[in-house]
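The values are calculated or read from the model by the stated rules, or taken from the named source; none is laboratory data. The model shown is predicted, which means the values in this text are computed figures rather than measured ones. Note: ideal-geometry Cβ built from the backbone for every residue, glycine included; neighbour counts use all protein chains shown. Each accessible area value is taken on the protein alone, full model and side chains, heavy atoms only, with ligands, DNA and RNA left out. Shrake-Rupley method; radii C 1.70, N 1.55, O 1.52, S 1.80 Å.
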Amino acid sequence: QVQLVESGGGLVQPGGSLRLSCVASGIIFRLYAMGWYRQAPGKERELVAGITSGGSTNYAESVKGRFTISRDNAKNTVYLQMNSLKPENTAVYYCSAHLLSQHYWGQGTQVTVSS
């Protein structure tokens with residue numbers, strides 16, 4: 001059974017930082033491309049950042065220079081370091097794992113940026 005379990009969300013003031021974690025089980029983690037998506041109320045889910053099995057990364061234009069995705073294959077974990085957070089970053093953040101036709105999702109973690 002595949003599980004992706006996110007943690008690290010919460011309430012933070014504008015300009016603050018949060019680090020999201022996603023622990024995967026039931027997959028050969030090192031083979032999967034991993035990603036962080038987010039969905040704000042009334043909006044579609046969008047890609048925030050991705051990292052391939054080889055460690056190449058890509059980011060949404062709006063988060064470049066502020067967010068960093070990384071992975072630790074020994075811990076089956078992918079991270080999203082979020083700095084200089086803005087109110088518009090408020091959303092449910094989802095972890096994803098992707099390999100060929102297989103695509104798995106976590107349950108999401110709420111990030112709220114507000115003063």
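A few points about this structure:
- Rg(Cα)/(2.2 N^0.38 Å) for the chain, N = residue count: 1.00
- Total charge dipole magnitude, the chain, about the Cα centre, Cβ charges on Lys, Arg, Asp, Glu only, Debye to nearest 20: 160
- Applying the criteria of a DSSP loop state and at most 12 other Cβ atoms within 10 Å to the GluC sites (Glu not before Pro) of the stretch 2-65 yields 44.
- To put it simply, the accessible area of the chain at a 1.4 Å probe is 48 percent carbon and sulfur.
- Excluding same-chain neighbours fewer than eight residues apart, the lysines reachable from residue 43 by a Cα-Cα span under 24 Å are 64, 86.
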